[in-house]
Structures are given as C-alpha cells and as structure tokens.
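Down below is the structure, laid out as structure tokens.
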Amino acid sequence: MKLVKELSTAAIAILVFTVVLGVAYPLVMTGIAQVAFPSKADGSQVKVGGRIVGSRLIGKAFTLRSGRPDPRYFQPRPSQTDYSATASAFSNRGPNSAVARFFYRDQLAAYVALEGRYDPGLTRAKVPVDGVTTSASGVDPHISKANAAIQAHRIAAVRQLPLDRVDKLIADNTDGRFLGVIGEPGVNVLELNLALDKEAPAR
C-alpha cells in the first residue's frame, strides 16, 4: 500500500512539473517575448516586400546560379555549414592540421582572385583573418570593417557607385561593440546588401 502511494505521489509530481515547466512556462515566456520583443522573438527576421529574405543574426551566401560568389554583393566570411542555421558548428581545424593548411590556402587564393582585380594593391598579407576563416558558429552574419573596405572596391566598380558612397553604406550598417567595450565592430552583410540594392539596384 505504501509503495502504491509513493508511486502515485511520484507520478503526480512528474505530471505537475511536466505541465508547469514543459507547457505553461514556455508558453508564458513565449507570450512575454512576443509582446516585449516581437522581432527578436521571431528570430530577427528581415523582410523585403513582405517576404522573408533572411535574419540579421544568421549569415547568408550571395551567389550566382553556378554557386560562385555574386560580384554584385558583399560576401560573408566562409562557413563550415554552408550558413545552415540548423547545423551550427565550427571546423575544429587545429594549427598543425594539414587539412587546415590546404583549406586556408584555397580560401586565401579565392579571396584574392575575387577582390584583386578591383583592388590592385591587395596582397595575401593584407587579407583580413575573417576573409578566409570560418566563425565558431558557422553562421556569423558579420564581417570585419577591414574585410568590407576591401570588398567595397569591387562593389563600387560593379555597381558603378562612388567608393565614398559605398564606404558610407558600410558605416551605416556597422554594429558597434557590445556595451561599447566587448568585441569588435562588425558589418552586417545582409543588411548592407539590402541597403546597397536600395541605393543602386542590382542588374
């Protein structure tokens, strides 16, 4: 009889905590988030003409149908997961890894090949780290200001815009340090490209 009572008590406790913590609490938190922070609660989605084109928190590739980088757009940093938010991961390549050496060699060559024709002074030594390395998450939506400044030469030439106008767009879409002291300023690639399309629609 005692055993039955203990089992009943345990079963009731499990049921109560499941309902409270597994159903009620998530619903309450979701409701509060939807009221207080509706955009962030929905994943900071970015919409154009009512259509979702991405999230300001997740990197996105801008490519041609061939899969090659689209020269009309700023390019994000490389991704280990092809910018998939469902498979966020880092590369786990160590400093002594032969795979890492070949990967960075190829990324560096591709970066210089894409940007070099528009920026004759660009050398491999001047390529920013984030131009060839993946982020810890694989979906970093930002690139460094140095990376954006190099790409600005290509954008100005392809879009037929003054370089200083492209630089202004970069500045307008640069996020500062968290709390003013943590991390480095970063340029949000998706928002920058959308601003670029408004300034000079891609043809």
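Just so you know, all these numbers are worked out from the coordinates, no wet-lab data involved. Bear in mind the structure is a predicted one, so any value in this text is a computation, not a measurement. Glycine gets a Cβ as well: all are built from the backbone with ideal geometry, and neighbour counts include every protein chain shown.
Over all directions, what mean area does the Cα convex hull of the chain project, stated in square nanometres? Present the calculation step by step, with values, prior to reporting the outcome.
Working: hull surface 72.6 nm².
The orientation-averaged projected area of the Cα hull of the chain comes to 18.2 nm².
Which residue fluctuates most in the GNM of the chain (Cα springs below 10 Å): Q75, Q160, Q151?
Sorting by GNM fluctuation, first place goes to Q160.
Taking only Cα atoms, what is the 0 to 90° angle, nearest 10, from helix 25-36's long axis to the longest principal axis of the chain?
40 degrees
With each label point set 7 Å from Cα along the Cα-Cβ vector, what nm distance links T9 and R65?
7.1 nm
Give the relative contact order (percent, whole number) for the chain; include only Cα pairs under 8 Å separated by 6+ residues.
Normalised by residue count, the contact order of the chain is 19 percent.
Quick check for me: using +1 on Lys/Arg Cβ and -1 on Asp/Glu Cβ, what's the dipole size of the chain about its Cα centre, in debye to the nearest 20? List each step's numbers first, then the result.
Values: 25 positive and 17 negative charges, 72 e Å.
For the chain, the charge dipole is close to 340 debye.
Between rounded, prolate and oblate, where does region 54-105 land on the alpha carbon gyration tensor, with a ≥ b ≥ c its root eigenvalues, rounded for a/c under 1.5, else prolate if a/b exceeds b/c?
Because a/c hits 1.5 or more and a/b fails to exceed b/c, region 54-105 counts as oblate.
Skipping prolines and chain starts, which residues have an amide H placed within reach, meaning under 5 Å, of the one on R93, given they are 5 or more residues away or on another chain?
none
Given the C-alpha centroids of region 90-169 and region 1-22, what is the distance between them in whole angstrom?
57 Å
Classify region 71-178: rounded, prolate or oblate, from the alpha-carbon gyration tensor (a ≥ b ≥ c, eigenvalue square roots; a/c under 1.5 rounded; otherwise prolate if a/b is larger than b/c)? Don't jump to the answer; show the numbers that get you there.
Details: a/c = 2.20, a/b = 1.42, b/c = 1.55.
Taking the square roots of the gyration eigenvalues as a ≥ b ≥ c, region 71-178 is oblate.
Counting only helical runs of four or more DSSP H residues, what would the 222 nm mean residue ellipticity of the chain come to if each run contributes -39,500 (n - 2.57) and the total is spread over all its residues? Walk me through the numbers on the way to the answer.
On the way: 7 runs with 88 residues, N = 203.
Rounded to the nearest 500, the figure is -13500 deg cm²/dmol.
Whose amide H sits under 5 Å from the amide H of S55, counting only residues 5 or more places off or on another chain, with H placed in the peptide plane?
HN-HN under 5 Å from S55: V46.
Counting alpha carbon pairs within less than 8 Å and at least 6 residues apart, what relative contact order, in whole percent, applies to region 74-165? Mind dumping the intermediate values first?
Values: 104 pairs, mean separation 37.2, N = 92.
RCO, region 74-165: 40 percent.
Please work out how many pairs of lysine residues in the chain are eight or more positions apart (or on different chains) and have Cα atoms closer than 29 angstrom.
Qualifying lysine pairs in the chain: 17.
With a 10 Å radius around each residue's Cβ, average the other Cβ atoms per peptide and rank 166-173, 58-65, highest first.
Numbers: 166-173: 17.8, 58-65: 15.8.
Going by the mean number of other Cβ atoms within 10 Å, highest first, we get 166-173, 58-65.
Where does helix 163-172 land angle-wise versus the long Cα axis of the chain, in degrees 0 to 90, nearest 10?
10 degrees
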